[in-house]
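**Student:** One structure, pasted below without further comment.
The values are calculated or read from the model by the stated rules, or taken from the named source; none is laboratory data. Just so we're clear, the structure is a prediction, and the values are computed from it rather than from any experiment. Here Cβ is always computed from backbone atoms with ideal geometry, including for glycine, and neighbour counts include all displayed protein chains. Just so you know, the surface numbers come from the protein's heavy atoms only, side chains and all, with ligands and any DNA or RNA stripped out. Shrake-Rupley method; radii C 1.70, N 1.55, O 1.52, S 1.80 Å.
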Amino acid sequence: MFAELERKIEQKRDEGIEVISLGIGDPDTPTFRYVVEAMREAVGDPSTHRYPSNRGRPEFRQAFADFYRWRFGVEIDAVDEVIPAIGAKECIYNLCFAFLDPGDVALASDPGYPVYTAGPALAGAEAELLPLVPALGFVPDLDAIPAEKLQRARLLFINYPNNPTGAVVPDGFFERVVELAREHEILVVHDNAYSETTFDGYVAPSFLATPGAKEVGVEVFSLSKGYNMTGWRCAAILGNAAAIKSYWRLKTNVDSGLFEAVQLAGAAALRGPRSEVEEMSSIYQGRRDLVIDALGAIGVEVEPPKGTIYVWAPVPEGHSSASFAELVLEEAAVVVSPGSMYGPSGEGFFRISLTTPDLQLTEAVSRMRAHLS
Ligand SMILES: Cc1ncc(COP(=O)(O)O)c(C=O)c1O
């Protein structure tokens, strides 16, 4: 399916047609200037030039502890409850190797970020898919997980605000997750990639603010999306000290840590003015409204998401995810992601990313209005 989409995109480009991609979730706006300045300074500091320690610089760990206190009301011990990760993707992948053996199960949202299933498979374990459906607000039905899978489950991946559905966590869900994890001795991994990108006054919580969460889980906090830093590979894992130690022990055999200049720039990002982060949310909110409006005009009704950089929408009657993505490409020369890319429960949906500059996004939605109404 994807090869066919790729072929059609190439063909259009060869015909001289400007194809606009609303596919990839990679912020189009540069990293905030104060972060770039902090990086310039850090690169000039010879203390950042040697092998980093996988434990991270004290400045990095303390910046995270302070950020978690003021932003989420969560106390983090800067000595043993936080270490750097080379992006959330690395962290999630390596957690699979630290915690899963053949025969073990990882519980993974479906649709979901692909590493939740690829990581367990590469580690020789199994991913058990937990469907996210609109009727349940895109949270998994924890009571529907087969007992046999729960018995073998070692990891549970969750992610709110959620990619690809844009859903935010409903009241009480994190509490249920803590109960389940306690009962079945599962390590919860909350992938917090989007908490800083929220709309309409919504403020996203940390999983670690849930009573008991630190006993059963970790949170991976990435600076990629909220701080326009996808290329920098800057994230941290926070929470359960024993789990972080296992991850650290694995990492000392795999990589040699996060460039210390990036750690210092990441610390500066977290300590920086809040206005930049808020401005990004307001830009994405404007784009979200533009997209929702245009979708309404072509008969696709969507509840506006309260967070993330995505709009997740049902395909019109009579279409599959792939056939609708093909139609949009054919008629409007616009690329949307077929929902089935994110797992079988994504079938029947498509995803639009809001990380396209305003002018191009406006052009894309006006083409969709013109050719698909
Ligand atoms: C849910 C989720 N987790 C993690 C990532 C990757 O984050 P990082 O750039 O820190 O590896 C993404 C990127 O799209 C994502 O959507």
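**Student:** Among E15, E330, E59, which one shows the biggest mean-square fluctuation in a GNM of the chain, springs joining Cα atoms closer than 10 Å?
**Tutor:** E15
**Student:** Now for a different question. Efficiency by 1/(1 + (r/R0)^6): what FRET value for E330 and D358, r their Cβ-Cβ distance, R0 = 25 Å, to the nearest 0.05?
**Tutor:** Working: r = 25 Å, r/R0 = 1.00.
Approximately 0.50, to the nearest 0.05.
**Student:** With the full set of protein chains in place, find how many percent of the accessible area of the stretch 4-45 is carbon and sulfur; take the probe as 1.4 Å. Intermediate results must be reported in sequence, preceding the final value.
**Tutor:** Values: 1270 of 2600 Å².
So the carbon and sulfur contribution to the accessible surface is 49 percent.
**Student:** When averaged across all projection directions, what area in nm² does the alpha-carbon convex hull of the stretch 49-191 cover? Walk me through the numbers before you get to the answer.
**Tutor:** On the way: hull surface 38.9 nm².
Averaging across all directions leaves 9.7 nm² for the Cα convex hull.
**Student:** With a probe of 1.4 Å, find how much accessible area the chain has per residue, and write the answer as a whole number in Å². It would help to have the intermediate numbers written out before the result.
**Tutor:** Details: 15360 Å² over 373 residues.
That works out to 41 Å² for each residue.
**Student:** Also, quick follow-up: Compute the distance in nm between two label points, each set 7 Å from the Cα along the Cα-to-Cβ direction, one at R7 and one at N253.
**Tutor:** 4.4
**Student:** Using mean Cβ contacts within 10 Å as the protection proxy, how do 125-135, 84-94 order, highest first?
**Tutor:** On the way: 125-135: 17.8, 84-94: 23.2.
Ranked by mean Cβ neighbours within 10 Å, highest first: 84-94, 125-135.
**Student:** Ok, one more. Assigning unit charges at the beta carbon (Lys, Arg +1; Asp, Glu -1) and nothing else, what dipole magnitude in debye, to the nearest 20, does the chain show about its Cα centre?
**Tutor:** Numbers: 32 positive and 52 negative charges, 196 e Å.
Roughly 940 debye for the chain.
**Student:** Name the shape class, rounded, prolate or oblate, that the alpha-carbon gyration tensor gives for the stretch 130-250, where a ≥ b ≥ c are the square roots of its eigenvalues, rounded holds for a/c under 1.5, and otherwise prolate holds if a/b is larger than b/c and oblate otherwise. Walk me through the intermediate numbers first.
**Tutor:** Working: a/c = 1.81, a/b = 1.14, b/c = 1.59.
Here the stretch 130-250 falls in the oblate category.
**Student:** List the residues, sorted by chain then number, that are 5 or more residues from A153 or on another chain and whose placed amide H is less than 5 Å from its amide H.
**Tutor:** Residues meeting the amide H criterion: V105.
**Student:** Quick one: of K225/K306; K214/K306; K149/K225, which pairs are farther than 23 Å apart, Cα to Cα? Working shown, then result.
**Tutor:** Working: K225/K306 15 Å; K214/K306 26 Å; K149/K225 33 Å.
Violating the 23 Å Cα-Cα cut-off are K214/K306; K149/K225.
**Student:** With just the Cα atoms defining each centre, how far is the stretch 329-347 from the stretch 154-217? Give it in Å.
**Tutor:** That distance is 27 Å.
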